[in-house]
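Have a look at the structure below before the remarks.
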Amino acid sequence: MPEYMSLVLFATVFGVLLLGFPVAFTLGGVSLIFGYFTFGLGFFQLLPLRIWGTMTNYVLIAVPLFVYMGLMLEKSGLAEELLETMAMLFGKLRGGLAISVIVVGAVLAASTGIVGATVVTMGLLSLPTMLKRGYSPELSTGTICASGTLGQIIPPSIVLVLLGSVLNVSIGDMFVGAVIPGMLLVGLYILWIVLVAFFRPGSAPAMPPAELAAFRETGMWRRIIRAFLLPFFLIVAVLGSIFAGIASPTEAAAVGAMGATLLTVWQKKLNMKTLREVMRGTTTLTCMVFILIVGATAFGLVFRGMGGDRYITGLILGAGLEPHHFLLIVMLVIFVAGFFIDFIEITFIIVPVVAPIFQHMGIDLLWIGILIAMNLQTSFLTPPFGFSLFYLKGVAPPEVTTAQIYRGIIPFIGIQLICLLIVVFWPETVTWLPKYMAK
């Protein structure tokens, strides 16, 4: 079978996806058909062994544990308490409420890593308040959507776990390498809000002095300590144990799941109804991820069996593309694909194809992994299928239109692209901290 048939496989998968078929079953189904006609019945003896090897990957146990942690924290009420406290602390500043949304989004990202849960929670809690305080709908919705997607890049992040698994890069190194880019993105978001508040003060007014005075008079320090101490405890337990080398990411995810449960007990929010909802949500999301992994495993087996990886590598190298030219093409493909398909599909369809080429070119796969993660983050924000936009629209007041949400997110997409360019031109933003912590 000629190697160019691997391109036919690739094109067929994308064609069937465009017809609207589910991604997991498209990957698996098309791969089974091509595998049978290419390798015969022996293919069906090899495929179960490959799937079994993927499913028994110890690293992937972190996925359901991090999902559980995020969903349990959503039920704990910590986000609501943290957001109210932060809003009062920054209340004297113009744009202070929007800054508090960004900071809380970063804290939740470092505690959960679940984008949908963060966007819905922040939308329910902060959007009505921001509109009531006179914030423009565009700035309000853009800030909430952007802060919710920080869970894609700030560890612990499910996309970093999946990318590390696909690229065969240490998950711990992925987490450490994402810290500086994640903080840089938070800083640029806050800078944008400060600029908007300075040049358009009517779009981001300060909080009323009477509310701030009431906050100071009703146990301000007690509320601050309570709001910050509990999430800080969880972040240290999860990320601190990974960065200190005490626990692997999988072990730290188990610690985080237990910690989130204990915090929910502390908040007196744990009951059978909450536990049932969290278990059901964890099972649903985990099954979605793992059935995609099964389909991607079948696709990868057939694609490599056809010699597709060698064929594409030969084409790229034969074309005389410089590494930075190839990187630009891959980043553009991933960015455009993010308009139409989810980050999980991109991770398991495109990344396994391009990873061997990057490796052959001698490019640091850790740096590539963080770049891809930052690029995938935009897939949650880019119309028409940005999932964060749909999450927020589902909980937004009726007067907030889809057009306002789309307009509001445009500056934040631009900020993400600027941050991506900074990491492209200064790879040390990714590689310095892992090297320093390895000393």
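Among Leu71, Leu27, Leu82, which is the only one that is over 30 Å from Gly142 (Cβ atoms), touching a helix residue (DSSP H, G or I) at 6+ places or on another chain (Cβ under 7 Å) and either assigned to a helix (DSSP H, G or I) or not hydrophobic (A, V, I, L, M, F, W, C) (or both)?
Leu27
What are the residue pairs meeting all of these: first residue in segment 325-340, first residue on the phi < 0 side of the Ramachandran plot and surrounded by 14 or more Cβ atoms within 10 Å (Cβ to Cβ), second residue among the aromatic types (Phe, Trp, Tyr) and not in a helix (DSSP H, G or I), Cβ atoms under 7 Å, and 6 or more apart or on different chains?
Close Cβ pairs satisfying both conditions: Phe340/Phe385.
Say whether the condition of being within 21 Å of Pro231 (Cα to Cα) and surrounded by fewer than 21 Cβ atoms within 10 Å (Cβ to Cβ) is met by at least one residue in segment 64-71.
yes
Is it true that Gly245 is closer than 18 Å to Ile171 by Cα and either of a type outside the set (Phe, Trp, Tyr) or touching a residue at least 60 places away in the same chain (Cβ under 8 Å) (or both)?
Criteria met by Gly245.
Looking only at residues that are touching a residue at least 40 places away in the same chain (Cβ under 8 Å) and not in a helix (DSSP H, G or I) in segment 1-24, which one is surrounded by the most Cβ atoms within 10 Å (Cβ to Cβ)?
Glu3
For Ile370, are the conditions met, namely being without any contact (Cβ under 8 Å) to a residue 12 or more places away in the chain, of a type outside the set (Lys, Arg), outside the structural domain of Ala24 (by TED's automatic domain parsing) and assigned to a helix (DSSP H, G or I)?
Taking the combined requirement at face value, the residue does not satisfy it.
Output yes when any residue across segment 94-113 is polar (S, T, N, Q), over 28 Å from Ala403 (Cβ atoms) and either surrounded by fewer than 22 Cβ atoms within 10 Å (Cβ to Cβ) or touching a residue at least 24 places away in the same chain (Cβ under 8 Å) (or both), and no when none is.
Yes: one or more hits.
Every residue in segment 321-363 that is among the charged types (D, E, K, R) and over 22 Å from the mean Cα position of the chain (by Cα), please.
Glu322
Got a number for residues in segment 367-416 being under 30 Å from Gly172 (Cα atoms) and touching a Pro at 6+ places or on another chain (Cβ under 7 Å)?
3
Could you pull out every one of the helices (runs of 4 or more DSSP H) wholly within segment 122-204 that has 3 or more residues that are without any contact (Cβ under 8 Å) to a residue 24 or more places away in the chain and more than 23 Å from Ile346 (Cβ to Cβ)?
Filter on segment 122-204 gives 179-199.
Can you confirm whether Ile346 is without any contact (Cβ under 8 Å) to a residue 60 or more places away in the chain, closer than 24 Å to Val13 by Cβ and crowded, with 20+ Cβ neighbours inside 10 Å?
For Ile346, the condition - without any contact (Cβ under 8 Å) to a residue 60 or more places away in the chain, closer than 24 Å to Val13 by Cβ and crowded, with 20+ Cβ neighbours inside 10 Å - is met.
For segment 265-279, check the following and say yes or no: at least one residue is surrounded by fewer than 19 Cβ atoms within 10 Å (Cβ to Cβ) and within 25 Å of Thr56 (Cβ to Cβ).
So far as segment 265-279 goes, yes, one or more of its residues are surrounded by fewer than 19 Cβ atoms within 10 Å (Cβ to Cβ) and within 25 Å of Thr56 (Cβ to Cβ).
Give the residue that is modelled with the highest pLDDT, with candidates limited to residues of segment 115-132 that are crowded, with 19+ Cβ neighbours inside 10 Å and more than 14 Å from Val104 (Cα to Cα).
Looking at the filtered set, the residue picked out is Met130.
The values are calculated or read from the model by the stated rules, or taken from the named source; none is laboratory data. This is a predicted model, so every value here is computed, not measured. Positions of Cβ are generated from backbone atoms using ideal geometry, with glycine treated the same way; all protein chains shown enter the neighbour counts.
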